[in-house]
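Below is one structure, written out as structure tokens; comments come after it.
Every read-out reported here was derived from the displayed coordinates using simple, explicitly stated rules and does not represent laboratory data. Since the model is a prediction, treat every value here as computed from it, not as a measurement. Every residue, glycine as well, gets a Cβ built from its backbone with ideal geometry; the counts of neighbours run over all protein chains shown.
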Amino acid sequence: MNILVVDDEKKFARVLAERLRLRGFRATPVFDGTSALAQLQMVHFNGMILDLRLPDMEGIQVLRQTREKFSDMKVVILSGHATREDFNACRELGAAACFHKPAKISELAKALTDGNKE
Amino acid sequence: MNIVSRLIAVAAQYKPRFWNAGTSKTQGQILFNYRKFWFASVTLRSLVSLVPIAILFMFTYVLENKAIRNENHLHTIRLTSNTRRTLTYFFEERLDALKFIVQEEKFEFLNNRLLLQDILRNLQRGFGGIIDLGVINAAGLQINYAGPFDLKDKDYRNQRWFVNCVQNGSYLSDVFLGYRNTPHLIIALKRPTPDGSFHILRVTLDVTKIIQILTSLELSERSEAFLCNRDGLLQTPSKYYGEFLQRVDLPIPAYSDRTQVMETVDKTGNPILIGYAYLDNSPYILMLVKRSKEIMKGWYTLRQEINWVFGISVILTLMVVLGISTFMVNKIYDADQTRLKAMERLESSSRLISIGRLAAGVAHEINNPLAVIGENAGLIDDIFNLKKEYSGDRQLQELIATVLESVERCGEITRQLLEFARHFEPKIQSLELKRIIAGVLSFLKKEASYRNIRIQMDIPDDFPVIDTDRSSLQQIFLNLINNAFQAMDKGGRLEIRAARQSQDLIRVSITDNGCGISEEDQQKIFEPFFTTKGMKEGTGLGLSITYGLVRKLKGEISVQSTMGQGTTFTVILPIKHGGDFRNETLAG
């Protein structure tokens, strides 16, 4: 499975990608919304782990655009300070799961795999 | 001593609630000196209610005193007058009897002793108090006598009564001892004889009859009636005012042909009332002496009653005044306390909002590095599990498990902090500005009326409904109006005006006519911890919080002020708030 990890905290994104790789995923870290959308255009991804606060745009916009173009892709939201309302909005837009940072890698992996099975 | 301390303890129990309010220096907001207010209320109410009572009682006092005095005077005059009439009649009756004898009888009795004794007997039978009867010839020799003494041939030529009678035709004498050495008085009548000469018919009267008349008056204790002559010699015995036939101890009143009353003092200084009358055709003055103390006895009792009534009225009035004043000031105090508490609650909620925002900020900032730690530790854990050289090292695995566990705990804490802050997050509602401001003013209405501050609200009827956060808006206006109140003295004037600024904006201005803010201070007024009120009164955060709130609602706030004339704060707010809040304290 090919996963895109989008988070402005570079160390976090890289390590998270590394850990996913250790679990048999293929994972690419990117650090802003624009690069994320560019990557999605170039390479096919099965899933995405998305932070809601990005330096160039709101994560929710990335989610919206992604869902419009790649409706079969499972998006998991991983945010440090999202409200319940934010999460509800994301789910309405089609997010597969939402997690607060810090989250357990096992749960993230499970959400991505479950999403893939659907 | 014990009783005093116990009394103080009892008084302390009834000490009104407000008594010590406003005395502690730590209390930030002192609206009133309640004690001074209470004293003023008690003084004013007492004056208003006690002065009329006092005046009324004074009038009653004076009037009653006068009435009782007048009545006593009248009574004394009446009694004196009646006694005078009785005495005058007593003397006239006897003189008339003599005249009758003189006219009826022939001259035979002049020398006939038996006949004279007959006449005396008749007289004694008809009128009491007659001792003897005598005839004196022109030479002053008593030529005939009937009575208990042997006074025939006594020579009266040089006696005053004889001389007087020869001159005036009749005579009523003082009381004197005479030859017989007992007190008596004489009525004498001159009778001309056909040969051109005359003789005098004389009766001697016993004083006891007159004393009887005087003692028969029913006089109160220490009061008495007596006769004295014009030289002031007592003609009847007196108990209190001198020896019989000696000078009376009282001043002799001036002559008057009518009955009079005189107020004076006796020789021991006691005030007395003297009723007196000069008896017609006689040397006597009738005197009726009363002790003022005795006759005013009734007045003293009455006065005591008046005093009691007055005292009780005053005490009752004072109790009611104290009760009402205490009740009233307590009510005001309670109302102030309630209001202060409401304001404190509001202030503390705004403090909580600040804390919440701080907490949210901290939680947010810590959360990212925490996530990095968590992921890195997770990666180490993964490596330990996958690589063979580490998989057997239980110590390393335990260490990393502890790190991961701690990260999870920290994550829980930051989540809770964010959840807490979320309670204070703004919520957009459609609000009527007029109602919001009216709600804020209801908190401050009491203070406004106490301090005589007039509030004028000028918001047009077609003012738009604005979409914004209620509690922020309330907080903004509460802070601004409260600020204006603190700038104003008694009798200030506060104007609240609202208008549409443009299609999307409204403008609210709050103008006071208080002390104003200097140019220099206007620059710094929204800075945190800037205050002109001194440390005790303000934290210097009010306006900076207000500034923050206005910015959060995507508005602008500005100040215009002239020293000594007043200050205007103007708030400009959008009519439609998009929903996302400008949160300037939170990064990124």
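Applied to the range B:488-500, the Karplus parametrisation 6.51 cos²θ - 1.76 cosθ + 1.60 on θ = phi - 60° returns per-residue 3J(HN,Hα) values of 9, 8, 4, x, x, 9, 10, 10, 10, 10, 9, 8, 7 Hz, with x for Gly and Pro.
Calculate how large, on average over all directions, the projected area of the Cα convex hull of the range B:105-216 is; give the answer in nm² to one decimal.
7.2
Mind checking the log10 I(q)/I(0) for the range B:362-425 at q = 0.18 Å⁻¹? Debye, one equal scatterer per Cα, no solvent, two decimals. So the normalised log intensities are -0.67.
Residue by residue, the range B:454-463 carries 3J(HN,Hα) couplings of 8, 10, 10, 10, 10, 10, x, 5, 8, 5 Hz when phi is fed to the Karplus relation 6.51 cos²θ - 1.76 cosθ + 1.60 (θ = phi - 60°); x denotes Gly or Pro. Across peptide A:79-88, the mean count of Cβ atoms from other chains lying within 10 Å of each residue's own Cβ comes to 4.
I'd like to know which of B:N479, B:G392, B:N270 lies farthest towards the positive end of the charge dipole of chain B, counting +1 on Cβ of Lys and Arg and -1 on Cβ of Asp and Glu. After comparing all options, I get B:N270. Which of rounded, prolate, oblate describes chain B, given a ≥ b ≥ c as roots of the alpha-carbon gyration tensor eigenvalues and a/c under 1.5 marking rounded, otherwise prolate only if a/b is larger than b/c? It comes out prolate by the Cα gyration axes. Run a plain Debye calculation on the range B:405-485 (Cα atoms as equal point scatterers, no solvent) and give log10 I(q)/I(0) at q = 0.16, 0.21, 0.22 Å⁻¹, rounded to two decimals, same order as the q list. Log-scaled intensity ratios, in q order: -0.73, -1.00, -1.05.
Going by how many other Cβ atoms sit within 10 Å of their own, how do B:K154, B:K36 line up, fewest first?
Working: B:K154 18, B:K36 10.
In increasing order of surrounding Cβ atoms, one gets B:K36, B:K154.
Rg/Rh for the protein assembly as shown (Cα atoms only, Rh after Kirkwood) is 1.59.
By average Cβ neighbour count within 10 Å, what is the ranking of A:57-65, B:303-311 from highest down? Please list the in-between numbers first.
Details: A:57-65: 18.2, B:303-311: 12.8.
Going from most to least packed, we get A:57-65, B:303-311.
What shape does the range A:2-117 take by its C-alpha gyration tensor, where a ≥ b ≥ c are the square roots of the eigenvalues and a/c under 1.5 counts as rounded, a/b above b/c as prolate, and the rest as oblate? Judged from the Cα gyration tensor, the range A:2-117 comes out rounded (a/c under 1.5).
So which of B:K36/B:K490; B:K106/B:K190; B:K209/B:K239; A:K74/A:K101; B:K434/B:K524; B:K524/B:K576 end up more than 25 Å apart, counting from Cα to Cα? Please report the intermediate quantities before stating the final value.
On the way: B:K36/B:K490 17 Å; B:K106/B:K190 15 Å; B:K209/B:K239 18 Å; A:K74/A:K101 19 Å; B:K434/B:K524 30 Å; B:K524/B:K576 30 Å.
In this structure, B:K434/B:K524; B:K524/B:K576 lie more than 25 Å apart at Cα.
Give the residue list of chymotrypsin sites (Phe, Trp or Tyr not before Pro) in the range B:177-235 that are DSSP loop and have at most 14 other beta-carbon atoms within 10 angstrom. Numbers along the way, then the final one.
Details: sites: B:Y179, B:F198, B:F226; in loops: B:Y179.
Answer in residue order: B:Y179.
Note that the range A:55-70 has calculated 3J(HN,Hα) couplings of x, 9, 8, 6, x, 5, 6, 4, 4, 4, 5, 4, 5, 5, 8, 10 Hz, one per residue in order, obtained from phi through the Karplus relation 6.51 cos²θ - 1.76 cosθ + 1.60 (θ = phi - 60°); glycine and proline are x.
Helix-derived [θ] at 222 nm for chain B: sum -39500 (n - 2.57) over DSSP H runs of at least 4, divide by residue count, nearest 500?
On the way: 13 runs with 295 residues, N = 588.
-17500 deg cm²/dmol, from helical runs alone.
Dipole size of the protein assembly as shown about its Cα centre, with +1 on Lys/Arg Cβ and -1 on Asp/Glu Cβ: approximately 1260 debye, rounded to the nearest 20. Given an 8 Å cut-off on Cα distances and at least 6 residues of separation, report the relative contact order of the range B:341-422 as a percent. Across the range B:341-422, relative contact order equals 47 percent.
Over the range B:267-307, all Cα pairs binned in 5 Å intervals from 0 give whole-percent P(r) values of 6, 19, 16, 17, 13, 11, 8, 4, 3, 1, 0, listed from short to long.
Just tell me how shielded A:97-103 is by partners: mean number of partner chain Cβ atoms within 10 Å of each residue's Cβ, no decimals.
Averaged over the peptide's residues, the number is 6.
Charge dipole of the range A:24-118 (Cα centre as origin; +1 on each Lys and Arg Cβ, -1 on each Asp and Glu Cβ, all else neutral): 260 debye, rounded to the nearest 20.
Ranked highest first by average number of other Cβ atoms within 10 Å, how do B:367-374, A:18-25 line up?
So the order, starting with the most tightly packed, is B:367-374, A:18-25.
Relative contact order, whole percent, for chain B stands at 9, derived from Cα pairs under 8 Å and 6 or more residues apart.
Look at the stretch B:364-371: the mean tally of other chain Cβ atoms within 10 Å of its residues' Cβ atoms is 6.
So if I take the centroid of the Cα atoms in the range B:114-182 and the same for the range B:479-507, what is the distance between those two points in Å? The distance from the Cα centre of the range B:114-182 to that of the range B:479-507 comes to 119 Å. Beta-bridge orientation, chain B: approximately 90 percent antiparallel, per DSSP, counting only bridges with both partners inside. Computed log10 I(q)/I(0) for the range B:53-92 at 0.14, 0.34 Å⁻¹: -0.48, -0.96, from the Debye equation with unit scatterers placed on every C-alpha and solvent omitted. With the cut-off at 1.5 for a/c, could you classify the range B:233-293 from its C-alpha gyration tensor as rounded, prolate or oblate? Oblate shape, in that a/c is at least 1.5 and b/c is the bigger or equal ratio.
With a cut-off of 8 Å between alpha carbons and a minimum separation of six or more residues, what is the relative contact order of the range A:2-117 in percent? That works out to 23 percent. Approximating the spin labels as points 7 Å out from Cα along Cα→Cβ, the A:M42-to-B:V62 distance works out to 11.7 nm.
Membrane-span-like helices of chain B, defined as complete DSSP H segments with a Cα extent of 27 Å or more along the helix axis and a mean Kyte hydropathy of at least -0.5, are identified as B:34-104, B:297-386, B:394-422.
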